[in-house]
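Below is one structure. I have some questions about it.
Derivation of every value follows stated rules applied to the coordinates shown; laboratory data play no part. Treat the numbers as computed from the prediction; the structure is a model and nothing was measured. Note that we place each Cβ from the backbone using ideal geometry, even for glycine, and neighbour counts take in every protein chain shown.
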Amino acid sequence: MPVSLLGFPWDASSSYARGPAHAPPIIRSLIGADASSPYALDGTDVRNAIVSEDFAALPAEPAEARAAIELRTAEALRTGAPLSLGGDHSITCPILRALKSRYGPLNILHIDAHTDLYDEFDGDRYSHASPFARAIEDNCVNALIQVGLRSVGPDERAFGERNGVVMLGADETEAIPFENLTAPLYVSIDLDGLDPAYAPGVSHPEPGGLSTREVLSVLKRLPVAPVGADIVECNPERDVGLMTAHVAARLAKELAAAMA
Ligand code: MN
Ligand code: MN
């Protein structure tokens, strides 16, 4: 499927540092930058794969912003598979709602240091700590496979086990059940799933994460084309010489190629 590139400049649902709202145009500029290749590793010319772009601003009120994200994702679906650049991880819940309306419950590969299964964080049920808890409650999830985890509290562990979530650490990529990542497949990449050595520009760095190459190897093994994907939590205010934005741009190219 052709790819619709979306930018969601939203970080008001972050529990700690702001900054990810500034990431989408930076990552987009690097996808098309003269200094880097327009080709994915399989040779796909990403400039041809991306057929539409939507980087409009969002309303300031959180419920209105979520509604706008869901609506714009649904609109993007008319031209291509939505590849979304965040923004904090709270954007994923309204994206999944739009995709569920089209495809039904999704099989999801979720790369992250965190489960994002909090029932709420500081009273916010739509925090960036909670998108997958809400997505499960909204019946957006058929299978949820998380990898890169290294910050799992007992409540999230219990919630995940109750709901059949596969929770894997950063040293367990070989245990990913790829046979369950069938259509309709969605991929959500929180950049803090990578080690801060590769992706320092995040709000919640946790040493001991995946390398860029490990993430690329996982994406290479996806058994079907994703119907949607996102890359979230790039924080330009914490980045070191655009390192993390460059990683995000590379991952965006590979996801675009996998979807196309
Ligand atoms: Mn995270
Ligand atoms: Mn996350």
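If Ala67 meets every condition in (1) free of Cβ contacts under 8 Å to residues at least 40 places away in the same chain; (2) part of a helix (DSSP H, G or I); (3) closer than 27 Å to Ile31 by Cα apart from one, which number is that one?
Tallying (1) free of Cβ contacts under 8 Å to residues at least 40 places away in the same chain; (2) part of a helix (DSSP H, G or I); (3) closer than 27 Å to Ile31 by Cα, Ala67 fails exactly one: (3).
Considering only residues that are in a helix (DSSP H, G or I), farther than 18 Å from Ala257 by Cβ and within 16 Å of ligand 2 (Cβ to nearest atom), which ones fall in the range 167-224?
Scanning the range 167-224 gives Leu191, Asp192, Gly193.
OK, next. Please specify each residue of the range 225-244 satisfying the condition of being buried (at least 20 other Cβ atoms within 10 Å of the Cβ) and either touching a residue at least 60 places away in the same chain (Cβ under 8 Å) or not in a loop (DSSP other than H, G, I, E, B) (or both).
Selection gives Pro226, Val227, Gly228, Ala229, Asp230, Ile231, Val232, Glu233, Cys234, Asn235, Thr244.
Looking only at residues that are more than 24 Å from Leu96 (Cβ to Cβ) and in contact with a Leu (Cβ under 9 Å, 6 or more places away or on another chain) in the range 217-243, which one is nearest to ligand 1 (Cβ to nearest atom)?
My answer is Pro236.
State which residue pairs qualify: first residue over 20 Å from Gly193 (Cα atoms) and inside the range 150-163, second residue more than 14 Å from ligand 2 (Cβ to nearest atom) in any location, beta carbons under 7 Å apart, and separation of 6 or more residues or different chains.
Asn163/Ile136
Would you confirm whether or not the range 141-164 contains a residue that is under 16 Å from Val232 (Cβ atoms) and aromatic (Phe, Trp, Tyr)?
No.
Pick from Glu156, Glu206, Glu172: which is among the charged types (D, E, K, R), surrounded by 19 or more Cβ atoms within 10 Å (Cβ to Cβ) and under 30 Å from Leu41 (Cβ atoms)?
Values: Glu156 fails: under 30 Å from Leu41 (Cβ atoms); Glu172 fails: surrounded by 19 or more Cβ atoms within 10 Å (Cβ to Cβ).
The conditions single out Glu206.
Within the range 80-123, which residues are within 11 Å of ligand 1 (Cβ to nearest atom), touching a Leu at 6+ places or on another chain (Cβ under 9 Å) and among the charged types (D, E, K, R)?
Across the range 80-123, the qualifying residue is only Asp112.
Which one of Gly104, Gly80 is surrounded by fewer than 18 Cβ atoms within 10 Å (Cβ to Cβ) and out of contact with any Phe, Trp or Tyr (no Cβ under 8 Å at 6 or more places or on another chain)? It would help to see each step written out before you state the result.
Details: Gly80 fails: surrounded by fewer than 18 Cβ atoms within 10 Å (Cβ to Cβ).
One residue alone meets the criteria, Gly104.
Being out of contact with any strand residue (DSSP E or B) (no Cβ under 7 Å at 6 or more places or on another chain) and over 15 Å from Gly87 (Cα atoms) is the filter here; which residues of the range 47-60 pass it?
Arg47, Asn48
Continuing with this model, one more query. Output the residues belonging to the range 136-153 that are buried (at least 21 other Cβ atoms within 10 Å of the Cβ) and within 16 Å of Asp190 (Cα to Cα).
Answer for the range 136-153, where residues must be buried (at least 21 other Cβ atoms within 10 Å of the Cβ) and within 16 Å of Asp190 (Cα to Cα): Leu144, Gln146, Val147, Gly148, Leu149.
Which of the residues that make up the range 62-120 are touching a Ser or Thr at 6+ places or on another chain (Cβ under 6 Å), away from ligand 2 (no atom under 14 Å from the Cβ) and β-branched (Val, Ile, Thr)?
Thr79
A further question on this structure: Kindly establish whether Val165 is touching a Ser or Thr at 6+ places or on another chain (Cβ under 9 Å), buried (at least 17 other Cβ atoms within 10 Å of the Cβ), of a type in the set (Val, Ile, Thr) and farther than 17 Å from Ile95 by Cα.
Here the answer is yes, as Val165 does meet what is asked.
Restricting attention to the range 17-41, report how many residues are over 28 Å from His128 (Cβ atoms) and of a type in the set (D, E, K, R).
Result for the range 17-41: 1.
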